[in-house]
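Notes follow once the structure below has been shown.
The values are calculated or read from the model by the stated rules, or taken from the named source; none is laboratory data. Every value quoted in this text rests on a predicted model; they were computed, and no experiment measured them. As a convention, Cβ positions derive from the backbone with ideal geometry for all residues, glycine included, and neighbour counts pool all protein chains shown.
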Amino acid sequence: MSREIRARWSLMGLGIALSVTMVASIGTGPMDISLSQSLQALLTGFGVLTEETIPAHITSIIETIRLPRTVLAMLVGAALAVSGAALQGLFRNPLADPGLIGVSGGASLAAVAVIVLGDTVLSGLSEVLGVYTLPLAAFIGALCTTLLVARIATSRFGTSMTTLLLAGLAIGIVTAVGTGMLTFMADDAQLRSLTFWSMGSLGGATWEHVLSAGVLILLALSLMPFSIKALNALLLGESEARHLGIDVERIKYRVIIMCALAVGASVAVAGMIGFVGLIVPHIVRMALGPDHRYLLPGSALLGALFLLVADMFSRTVIAPAELPIGLITTLVGGPFFIGLIALRAKRSAL
């Protein structure tokens with residue numbers, strides 16, 4: 001079986017697995033809802049079924065709590081995974097991750113500023129932008145830090161990954177200090193929200209969150225395929241890509257803006273969820289190869305699936321309490337990242 005056929009079958013399998021997990025996610029929580037009830041509620045919502053036979057309170061729970069949380073988990077997982085895959089292709093290094101090169105830190109700082117100062121200094125901005133205030137602020141923060149890191153790491157000889165990671169680390173420290181200062185200024189209600197948000201959470205998901213973040217995430221993900229040809233060319237190197245007629249600098253800024261948009265919107269509604277953009281593209285790349293025609297959609301599907309499973313685990317592991325989802329992804333991603341570093345060090349020594 002050729003790699004192309006295997007990739008298509010794999011994408012189809014991921015789509016089926018995601019659909020099944022979506023139904024299971026709707027039924028997971030403090031109140032047990034059977035798979036048949038979850039599936040019936042979905043089919044009724046999509047208009048496939050016209051007669052409602054499940055209790056009204058279960059329908060209400062699914063429509064107002066479980067379904068928006070499930071949809072948001074899929075959107076955020078896909079956004080983080082695709083952004084990680086695109087950044088890794090852009091900088092030609094598997095260690096490029098939105099959290100490691102300062103993207104998430106910039107988005108977090110801007111989002112925290114809106115949360116803490118939204119009723120005072122930034123009240124006018126909140127009145128103008130409404131529900132889009134937080135995701136747009138996070139996008140601007142992510143974009144500024146990403147452009148700064150890319151500017152520092154890029155010279156006329158190309159992009160230095162060592163400089164990129166060090167610059168990302170430095171920017172991350174600076175944004176963490178700014179976030180800490182704003183957290184110190186927060187009142188008790190804001191502080192409780194920020195503490196849980198800083199560890200990543202989908203617990204407060206509403207249809208308003210899905211709308212405000214989903215529009216920006218879907219915009220970024222829908223534009224990303226237009227860069228597939230350029231990302232594949234960049235796998236050969238920047239000079240080779242230029243010889244193939246690729247405007248490398250233009251592609252860099254385009255991909256960075258799209259990644260900043262997706263990550264910024266995700267951080268705004270779900271907080272800091274790390275390592276999804278590092279783990280998922282690696283797994284997809286090992287299974288399907290480096291071709292971005294399959295890497296990007298595969299990362300979107302597996303990222304959505306991964307975060308859905310992590311969210312289901314967070315709801316059940318210490319029920320009725322809820323474990324922040326960012327702790328779960330970090331628990332998985334930390335050892336994975338250490339293993340990658342060790343593997344690269346071993347290869348360099350050979």
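Side notes on the structure shown:
- Ala220 in contact with a strand residue (DSSP E or B) (Cβ under 8 Å, 6 or more places away or on another chain) and either surrounded by 14 or more Cβ atoms within 10 Å (Cβ to Cβ) or under 30 Å from Glu63 (Cβ atoms) (or both): no
- Trp197 vs. criteria in contact with a helix residue (DSSP H, G or I) (Cβ under 7 Å, 6 or more places away or on another chain), closer than 30 Å to Ile61 by Cα and aromatic (Phe, Trp, Tyr): no
- Of the helices (runs of 4 or more DSSP H) lying entirely inside region 68-154, those containing at least 1 residues that are in contact with a strand residue (DSSP E or B) (Cβ under 6 Å, 6 or more places away or on another chain) and more than 15 Å from Val276 (Cα to Cα) are 133-153.
- Residue that is nearest to Ala262 (Cα to Cα) [pool: residues in region 180-232 that are modelled with pLDDT of 85 or more, part of a helix (DSSP H, G or I) and of a type in the set (Gly, Ala, Ser)]: Ala220
- Residue match in region 269-283 (condition: touching a helix residue (DSSP H, G or I) at 6+ places or on another chain (Cβ under 6 Å), in contact (Cβ under 8 Å) with a residue 12 or more places away in the chain and within 16 Å of Asn232 (Cα to Cα)): yes
- In the set Ala56, Ala110, only one residue is under 18 Å from Val267 (Cβ atoms) and of a type in the set (A, V, I, L, M, F, W, C); that residue is Ala110.
- Ala189 vs. criteria of a type in the set (A, V, I, L, M, F, W, C), surrounded by fewer than 23 Cβ atoms within 10 Å (Cβ to Cβ) and over 23 Å from Val276 (Cβ atoms): yes
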